[in-house]
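Here is the structure we will look at, set down as structure tokens.
The values are calculated or read from the model by the stated rules, or taken from the named source; none is laboratory data. Keep in mind it's a predicted model, so treat the numbers as computed, not measured. Every residue, glycine as well, gets a Cβ built from its backbone with ideal geometry; the counts of neighbours run over all protein chains shown.
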Amino acid sequence: MTKRYELSELIRNDNFIDGQWVAAAKGNRFDVTNPATGEVIAQVADSDAADAHAATDAAARAFPTWRDTLPKDRAAVLHRWHALIVENADGLGRLISLEQGKPFSEGRGEVMYGASYVAWFADEATRIYGDIIPQQQRGKRMSAVKEPVGVVAAITPWNFPLAMIARKIAPALAAGCTVVGKPAEDTPLTAFALVMLAHEAGVPAGVLNLISASRENAVPAVADWLADSRVRKITFTGSTRVGKYLARESAGTLKKLSLELGGNAPFIVFDDADLDAAVTGLLAAKFRNGGQTCVSPNRVYVQSGVYERFADMLATRVAALKVAPATDPAAQIGPMINAPAIDKIARHVDDAASRGARVLTGGKRLPELGPNYYAPTVLADATPEMQLSCDETFGPIVPLFHFDDEAEAILAANDTLSGLASYFYSQDMRRIDRVTRQLEAGIVGINEGALASEAAPFGGVKESGYGREGSKYGLDDYLSIKYLCQGGLE
Ligand code: SIN
């Protein structure tokens, strides 16, 4: 039977290494705060290179046994973990809200989203096939088998504190890899709770290890993994700047990398779009997690014929969004994660307004709610010179750009170094085919704003990174192919 925990029981503040909860070697701690109020929720281990190294020692020791565990037995452990996560969805959802700020309904939704990856990869664990290669020479048999890469380091962001780590750990464990992990310093508690449930589900000691570190100590801790040749793969979700650092620094030990980096998603509304559907799709895509989502539309291109009507419809719906603390059952948008995040949003809006953007709704902080709240905002007459057109805002801001024809929209949409998600709305089948082929992005939403699914390959092109998470492709990054050539058969 799966156990349901109280919220207070889910909060752990030590590292989890080799099946034990342990303080950081130097005994240091740092504060985790509630972004809604600034109150300290917990003081967690502030780890450095020594703790990272101890985690790798444990993961390297555990690897041979976990690798040789039968896939159906690994699957059974993952299924038990899934059941525990689902049983504790309310508590985990509340914990996400507490340390990350998203409304409870979204926090709980994230738990179920993260859990879906665990169930998916539990099943995939039993479907890791190889190939018999058609015979090339008499007396020789050739085949290809897939093997786990080894110890995996998972470094995860604060915006989806449960789903992002679940969709890295689950495929790693399914493939037979062992894991060392570090969640973002803003949101380590959800990750620790998840690891606690994994342990209870039967993940053996050393197979899954998690350390937390403050912003200052994260670099030496991660640097230890980058330099350690026992760590064979890094999986990271976060900024392009950090992704490039990881790629550079891991080159010394030539690790396998999967990088899910920043986006700057275009959202195109053509004259022939169903405007109601486009507004609804944009709201779903843009305001999920208050816009703090890598696939969130950052630039909205609207064709001249429908521009003013679309802007009016959108501004009316956005003005009605309820901004409130996560504890308010009616909340649709919570606080932003921290002071630098809200400062960046305010800078982008001020810069756009100073360059001629019209504020249709929002455009201001909401200090009456707390330090990190910003009103959902629609800006008309956005132009490419504005900061928000080339830099991901990561907040509840919708800038509307004008365009006249399809070629202009495609050119503008692709005029970015990023290539994660893109979206467009049109009812013309031929246009849909043309635009889909030309958009430079790993993910395309066609008349749809809600793209997330464990069954779909998530990942980008260009400077949004490489590798895919979820889907039948999601295990590939955790496996290497071994070619077997057997001779003397005649
Ligand atoms: C992200 O923001 O990095 C992930 C969002 C998603 O899974 O849809």
(Q) Going through LEU210, LEU254, LEU275, LEU282 one at a time, which residue ends up being over 17 Å from the mean Cα position of the chain (by Cα), on the phi > 0 side of the Ramachandran plot and among the aliphatic types (A, V, I, L, M)? (A) LEU254
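Could you please let me know if VAL118 is touching a His at 6+ places or on another chain (Cβ under 9 Å) and assigned to a helix (DSSP H, G or I)?
Numbers: touching a His at 6+ places or on another chain (Cβ under 9 Å): yes; assigned to a helix (DSSP H, G or I): yes.
Yes, satisfied.
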Q) When the residues of segment 295-318 are filtered to those that are out of contact with any strand residue (DSSP E or B) (no Cβ under 7 Å at 6 or more places or on another chain) and not polar (S, T, N, Q), which remaining residue is nearest to the ligand (Cβ to nearest atom)? A) ARG317
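Can you pull out every residue in segment 190-216 that is more than 21 Å from ARG80 (Cα to Cα) and crowded, with 24+ Cβ neighbours inside 10 Å? Full working, then the answer.
Here is the first cut: in segment 190-216, the ones more than 21 Å from ARG80 (Cα to Cα) are 211-216.
Selection gives ILE211, SER212, ALA213.
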Q.
Yes or no: segment 308-315 includes at least one residue that is part of a helix (DSSP H, G or I), touching a helix residue (DSSP H, G or I) at 6+ places or on another chain (Cβ under 8 Å), crowded, with 18+ Cβ neighbours inside 10 Å and in contact (Cβ under 8 Å) with a residue 60 or more places away in the chain.
A. yes
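So, in segment 129-171, how many residues would count as being farther than 30 Å from ALA213 by Cβ and within 14 Å of the ligand (Cβ to nearest atom)? Lay out the reasoning, then the answer.
Start the filter on segment 129-171 by keeping residues that are farther than 30 Å from ALA213 by Cβ, which leaves 129-147.
Okay, now just the ones that are also within 14 Å of the ligand (Cβ to nearest atom), so none.
Count: 0.
Rundown of residues vs (1) in a loop (DSSP other than H, G, I, E, B); (2) within 13 Å of the ligand (Cβ to nearest atom); (3) in the same structural domain as LEU417 (by TED's automatic domain parsing); (4) closer than 27 Å to GLY474 by Cα, yes/no style:
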site	(1), (2), (3), (4)
TYR245	no, no, no, yes
GLU249	no, no, no, yes
GLY252	no, no, no, yes
LEU257	no, no, no, yes
ASP271	yes, no, yes, no
ALA278	no, no, yes, no
GLY281	no, no, yes, yes
ALA285	no, yes, yes, yes
ASN289	no, yes, yes, yes
